[in-house]
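The values are calculated or read from the model by the stated rules, or taken from the named source; none is laboratory data. Here the structure is a predicted model, which means the values were calculated and not measured. Note: ideal-geometry Cβ built from the backbone for every residue, glycine included; neighbour counts use all protein chains shown. We work out accessible area using only protein heavy atoms, side chains counted, and drop any ligands, DNA or RNA first. Shrake-Rupley method; radii C 1.70, N 1.55, O 1.52, S 1.80 Å.
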Amino acid sequence: GELAASCLTALLVTTVILLPLSTPATDATTASSVAGAIAVPRTWKGCIGCSWNFIITVFASPIRRVYIGYGLCLLSLLLLAALQQPPMKILNLSAFLVGMADAISQSGLYVYAASFHRPQYTAAVTFGSAVAGLAVGVLRLATRGIFDTSTLHGLRTGVSLLYVISSAVIVICISALYRVVRDTSTSTSISTSTRASSGVERIVGDTGKGTADDHAVVTPAENNRICNHTEKRETAHITCCQVIHHPRFEVYLDTIKVTWKPTVTACLNFFITLSLFPGTVSSIESMPSSIGGISFSLGDWLTTVLITTFNAADCAGRGVLNIESLGLARLVLSKRDAVRAAADGDDDAAAPRRTAEGRVLFPYLNMWVWYHCVSRVVFYPLLALCILPTTPHPIISMDLLRILIVFIFGFSNGFVNCAAFMVGPTMVKEERHRDASSLLLLLSIYSGLTLGSYFGLLVDFVVRKMGEN
């Protein structure tokens, strides 16, 4: 519990700190105001200002944030592997580093995925997160099954193997990211050269001229270089006090006014999930039941089966939005395609329109995301009935029915989370608002994780007290 608290605290605090560092302010007024700023004198205040400017420059790039996050995670794994019997302070430090690394890397991944302007890429990131969690659990079970965990030597050997495999996966991910960024930069250079040779002028960030295909050439790698160049120019003479009043904070205020519904949905979704899982779910005890005259009970395996079922269902809920043949992603994002068609000159009266704030409205957002998330409160009584009353047996005592409830619970968690991350960045037009939307969604799920985990302690306490009575 203490380690989980350290990790969740690091997730939330790091995400809050990253908000002013991650989204560059590219307004003309901001650039002019910063350009006219007075240089910081070479004093201790100037050193602090220069250090702050350096931090802003480093963390302004989503790719660099991913590299930094992976590096911190690898450092924490090496730290634990080097110590035979680490004290509790070292374990808390490692948990805090892992949480900080997770927040930094995910803030870069989601922003980088959103910059492609393809919601499927964001859905792929959320699906990958669920697969990673499931893989870690399966890997942990495998190492415990291979080695004799009843002895200290077998336990250490299994944990060491887990560290080695995890470190290898991180190195592979870093190499894969480098390859993707390199290939993207190469394709950008070829596209730019082709367009320049044909005499076509490319206007970056212009939404009033040209078609969607004209602007599709601005790939995330090129946009990242442009943002970095702008950020370096803008932060050349920014002091700490100026950063506090910097218009980049206004980017988040403008974004949340438009994307508040998927942002609140993501927070509420994880709040409900963490308040019931794994605490209440792991408290469900197996009960013997008869199916077709055959007695069936999972016994001590029920808790393991329920947790594995939830993780697998969570992956499935995110995965269905990644399968294009099912058409669920197109249904959730259908209005975005219609707005694009209307912008290209379609005068169909049924075609949806963009609001004055540049917001895109989705007809199925309430049904598939918002109402779906709110309806998940039904799992509070459902899972409570799997435990209560304790005598003679709970109202829902059949193990297979409990597994089905947990499966639906996990599936809805993954689906709502993935849908919120797909819809959020597509509700705004400008690149900086898309970046801000991704970061606000991360902040919302980390807030839901933290608040839900503490509220889960209260839920578990109430259920136990009701069981005693």
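For segment 400-469, state which GluC sites (Glu not before Pro) are in a DSSP loop and have at most 16 other beta carbons lying within 10 Å of their beta carbon. For GluC sites (Glu not before Pro) across segment 400-469 that sit outside H, G, I, E and B with at most 16 neighbouring Cβ atoms in 10 Å, the list reads 430. Note on segment 134-175: with neighbouring protein chains present and a 1.4 Å probe, carbon and sulfur make up 75 percent of its accessible heavy-atom surface. Put a plus charge on the Cβ of each Lys and Arg, a minus charge on the Cβ of each Asp and Glu, and nothing anywhere else: the dipole of segment 377-466 about its Cα centre is then about 140 debye. Please give me the summed charge of the neighbours of residue 96: other residues whose Cβ is under 15 Å from its Cβ, Lys and Arg +1, Asp and Glu -1. Its environment carries a net charge of -1.
Which shape class, rounded, prolate or oblate, goes with segment 381-469 when its Cα gyration tensor gives a ≥ b ≥ c as root eigenvalues, a/c under 1.5 marks rounded, and past that a/b bigger than b/c marks prolate? Each step should come with its number before you reach the end.
Details: a/c = 6.08, a/b = 2.31, b/c = 2.64.
Oblate, because a/c is 1.5 or more while a/b does not exceed b/c.
Can you tell me the dipole magnitude for segment 251-335 around its Cα centre, using point charges on the Cβ only (Lys, Arg +1; Asp, Glu -1), in Debye to the nearest 20?
Its charge dipole is roughly 460 debye.
The alpha carbon gyration tensor of segment 42-165 gives principal lengths a ≥ b ≥ c with a/c of 1.5 or higher and a/b no greater than b/c, which makes the shape oblate. When each of the peptides 401-410, 150-159 is scored by how many other beta carbons lie within 10 Å of its residues on average, the order from highest to lowest is 401-410, 150-159.
Here segment 388-469 exposes an accessible surface that is 72 percent carbon and sulfur, computed with a 1.4 Å probe and the other protein chains kept in place. I need the shape label for segment 403-454. Rule: rounded when a/c is under 1.5, else prolate if a/b > b/c, else oblate, with a, b, c from the alpha carbon gyration tensor. Since a/c reaches 1.5 but b/c is at least a/b, the shape of segment 403-454 is classed as oblate.
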